[in-house]
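The values are calculated or read from the model by the stated rules, or taken from the named source; none is laboratory data. Please read these numbers as outputs of a predicted model, since none were measured by experiment. Here the Cβ positions follow ideal geometry from the backbone for every residue, glycine too, while neighbour counts run over all protein chains shown.
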Amino acid sequence: MSKQILILKDKCKGCNLCVKACSFGAISVVEKIAVIDAAKCSYCGACEPACKFKAIEIKVDDIDRSSFSAYKGLWVYGENRDGVLAEVVYELVGEGRKLADKLKVELSVVIIGDKTQNLADDLFSYGVDNVYYIENKLLKDYDTNSYTKILEEAIEAHKPEIVLFGATSEGRSVAPRLAARVKTGLTADCTALDITADGDLAQTRPAFGGNIMATILCRTRPQLSTVRPHVMQKAAKLAKKGKKIELKSTIVEKDVVTKVLEFIKETRENVNLTESDIIIGAGRGVGSEENLKLIHQLAEKLGGVVGASRACVDAGWIDHFHQVGQTGKTVHPKIYIACGISGAIQHLAGMSSSDIIIAINKDADAPIFNVADLGIVGDVFTIIPALLKSL
Ligand SMILES: Cc1cc2nc3c(=O)[nH]c(=O)nc-3n(C[C@H](O)[C@H](O)[C@H](O)COP(=O)(O)OP(=O)(O)OC[C@H]3O[C@@H](n4cnc5c(N)ncnc54)[C@H](O)[C@@H]3O)c2cc1C
Ligand code: SF4
Ligand code: SF4
């Protein structure tokens, strides 16, 4: 693919607007003409619309679609352990069904492990058309090398146009390696997916530190994405029958390069943030670790758990395990009560899909009120004690 960025000197007024628009520091104005430093330019395209004088032109080759028709169908990677599928698989199946219906193609799940066939019937009942499986004792535990090899062989044999992975430790490990093997792109950590009018997968994810949402198209096939857990809705149950297809693989013992000796369960306090129906989110407005006791009391009274903004975590008031947001957990509770949280985009990325958002903030202009279903303008130290008293 070739890209070119041009400054049309006869139109450029040296106004500096493009310099401000470029987050990569790739533009300077020299003698009233914009100059692009090609080594710094990422071809993000932000400068082109910023120029009021139409003095910037970015030329990118059209996508070569000649090989795309060989690829058909949408696959979900069926992450599993000890014969149980990861929750995110059901979320990807829910989203995958909608996307596959838009494309009018089949939805398949590919499962690798030592007990996989028995998972197929369950997946069919969630609307999956096909389950590609491989059962082999060597594959009992996840191993990046052998799992990537199997997926690579499966993609070469069956040519899906889209493969979705959970953005879990496992998905984040296997998907990039696979993308390199099958010579395609990968969009990591997607929070929304759709199909364009041309039938491409529109992959949306936070970019530039979470300050913008970027929608990314892949110029090659297959299109690979990892998707954040707890962002997509789980699939609904459907009465459906599907097809089991055994994957052929050349895998042998020497391909399995890691050996799991033991699994050790995490011993820290198990805050089930992502499963909880009620989360009380604490922000910098709570003021101190000591004051967090009030938030814990409210959580206890309501049968919920405590979440936190990054400001609280960075201040050392609470463990990162509780952090909600772009670099923390994505939660989807029935009720999220944001206490002293301003509503930065990075925090919203983790909780804006909560069913009901209640915000308590003493600043009536705090952005959290833009997403809140119920807003209480007031001091948390007045509102929460009053709430506790009335419960
Ligand atoms: C790459 C990147 C990733 C990030 N990831 C995350 C993330 O995962 N999660 C996250 O949360 N943030 C994240 N952040 C940080 C984010 O940008 C914000 O800085 C952070 O969310 C702010 O936390 P806060 O709302 O608690 O604090 P502030 O923004 O300081 O807001 C405090 C709020 O409390 C209110 N307040 C003060 N006193 C009271 C009171 N007595 N009663 C009621 N209200 C009161 C104030 O009016 C204010 O609105 C990230 C930032 C970057 C750059
Ligand atoms: S915004 Fe346009 S006119 Fe202004 S300096 Fe940049 S290229 Fe030139
Ligand atoms: S395309 Fe993006 S990186 Fe390149 S000069 Fe324009 S704004 Fe800067």
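GLY14 meets all of the listed conditions (1) at negative phi; (2) in a loop (DSSP other than H, G, I, E, B) but one, namely (1).
Conditions tested, residue by residue: (1) closer than 30 Å to THR204 by Cα; (2) buried (at least 20 other Cβ atoms within 10 Å of the Cβ); (3) touching a helix residue (DSSP H, G or I) at 6+ places or on another chain (Cβ under 7 Å); (4) not charged (D, E, K, R).
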| residue | (1), (2), (3), (4) |
| --- | --- |
| HIS332 | yes, yes, no, yes |
| ALA344 | yes, no, no, yes |
| SER354 | yes, yes, no, yes |
| LEU374 | yes, no, no, yes |
| PHE381 | no, no, no, yes |
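For segment 108-123, filtered to residues that are surrounded by fewer than 24 Cβ atoms within 10 Å (Cβ to Cβ) and modelled with pLDDT under 95, the residue that is nearest to VAL252 (Cα to Cα) is ASP114. Taking the criterion of being within 10 Å of ligand 2 (Cβ to nearest atom) and not charged (D, E, K, R), the residues of segment 16-29 that qualify are ASN16, LEU17, CYS18, VAL19, ALA21, CYS22, ILE27, SER28, VAL29. I'd like to know if segment 158-174 contains one or more residues that are assigned to a helix (DSSP H, G or I), within 21 Å of the chain's Cα centre (by Cα), of a type in the set (A, V, I, L, M, F, W, C) and farther than 15 Å from LEU74 by Cα. Looking through segment 158-174, at least one residue is assigned to a helix (DSSP H, G or I), within 21 Å of the chain's Cα centre (by Cα), of a type in the set (A, V, I, L, M, F, W, C) and farther than 15 Å from LEU74 by Cα. Among the listed residues ALA34, ALA39, identify the single one that is in a loop (DSSP other than H, G, I, E, B) and not assigned by TED's automatic domain parsing to the domain that holds ALA175. When all the criteria are applied, what remains is ALA39. When you check ILE155 against the structure, is it touching a residue at least 24 places away in the same chain (Cβ under 8 Å) and either in contact with a strand residue (DSSP E or B) (Cβ under 6 Å, 6 or more places away or on another chain) or under 20 Å from VAL231 (Cα atoms) (or both), yes or no? It is false that ILE155 is touching a residue at least 24 places away in the same chain (Cβ under 8 Å) and either in contact with a strand residue (DSSP E or B) (Cβ under 6 Å, 6 or more places away or on another chain) or under 20 Å from VAL231 (Cα atoms) (or both).
Here's the yes/no breakdown for (1) over 30 Å from LEU164 (Cα atoms); (2) within 16 Å of ligand 1 (Cβ to nearest atom); (3) surrounded by 11 or more Cβ atoms within 10 Å (Cβ to Cβ); (4) of a type in the set (Asp, Glu):
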{"residue": "GLN4", "(1), (2), (3), (4)": "yes, no, yes, no"}
{"residue": "ILE7", "(1), (2), (3), (4)": "yes, no, yes, no"}
{"residue": "ASP10", "(1), (2), (3), (4)": "yes, no, no, yes"}
{"residue": "CYS15", "(1), (2), (3), (4)": "yes, no, yes, no"}
{"residue": "ALA21", "(1), (2), (3), (4)": "yes, no, yes, no"}
{"residue": "ALA50", "(1), (2), (3), (4)": "yes, no, yes, no"}
{"residue": "ALA55", "(1), (2), (3), (4)": "yes, no, yes, no"}
{"residue": "SER67", "(1), (2), (3), (4)": "no, no, no, no"}
{"residue": "ALA70", "(1), (2), (3), (4)": "no, no, no, no"}
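The set of residues in segment 77-107 being outside any helix (DSSP H, G or I), surrounded by 18 or more Cβ atoms within 10 Å (Cβ to Cβ) and among the hydrophobic types (A, V, I, L, M, F, W, C) consists of LEU85, ALA86, VAL105, LEU107.
Condition check ((1) within 11 Å of ligand 3 (Cβ to nearest atom); (2) polar (S, T, N, Q); (3) within 30 Å of PRO229 (Cα to Cα)) across all residues:
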position: LYS13; (1), (2), (3): no, no, no
position: LYS20; (1), (2), (3): yes, no, no
position: VAL35; (1), (2), (3): yes, no, no
position: ALA39; (1), (2), (3): yes, no, no
position: ILE58; (1), (2), (3): yes, no, no
position: ASP62; (1), (2), (3): no, no, no
position: PHE68; (1), (2), (3): no, no, yes
position: LYS72; (1), (2), (3): no, no, yes
position: GLY78; (1), (2), (3): no, no, yes
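Looking across segment 356-369, the residues that are touching a residue at least 24 places away in the same chain (Cβ under 8 Å), closer than 15 Å to VAL380 by Cβ and surrounded by fewer than 23 Cβ atoms within 10 Å (Cβ to Cβ) come down to LYS362, ALA366, PHE369.
Taking every residue in segment 342-355 that is in contact (Cβ under 8 Å) with a residue 60 or more places away in the chain and pairing it with any residue that is within 16 Å of ligand 3 (Cβ to nearest atom), at least 6 positions away or on another chain, the pairs with Cβ-Cβ distances below 9 Å are ILE345/ASN211; ILE345/ILE212; GLN346/GLY209; GLN346/ASN211. For GLY94, the stated conditions do not hold, so it cannot be described as touching a Lys or Arg at 6+ places or on another chain (Cβ under 9 Å), of a type in the set (Gly, Ala, Ser) and within 15 Å of ligand 2 (Cβ to nearest atom). Listed by first and then second residue, the pairs linking a residue in segment 158-169 that is touching a residue at least 12 places away in the same chain (Cβ under 8 Å) and at positive phi to a residue that is not hydroxyl-bearing (Ser, Thr, Tyr) and not in a loop (DSSP other than H, G, I, E, B), with Cβ atoms under 8 Å apart and 6 or more places separating them unless they lie on different chains, are LYS159/ALA70.
Name the residue that is surrounded by the most Cβ atoms within 10 Å (Cβ to Cβ), counting only residues in segment 211-238 that are within 22 Å of ASP355 (Cα to Cα) and more than 11 Å from the chain's Cα centre (by Cα). Checked segment 211-238; the qualifying residue surrounded by the most Cβ atoms within 10 Å (Cβ to Cβ) is ALA235.
Close contacts from segment 27-55, counting a first residue that is on the phi > 0 side of the Ramachandran plot and at pLDDT below 95 and a second that is more than 10 Å from ligand 2 (Cβ to nearest atom) and among the aliphatic types (A, V, I, L, M), with Cβ to Cβ under 6 Å and a gap of 6+ residues or different chains, come to GLY45/ILE58.
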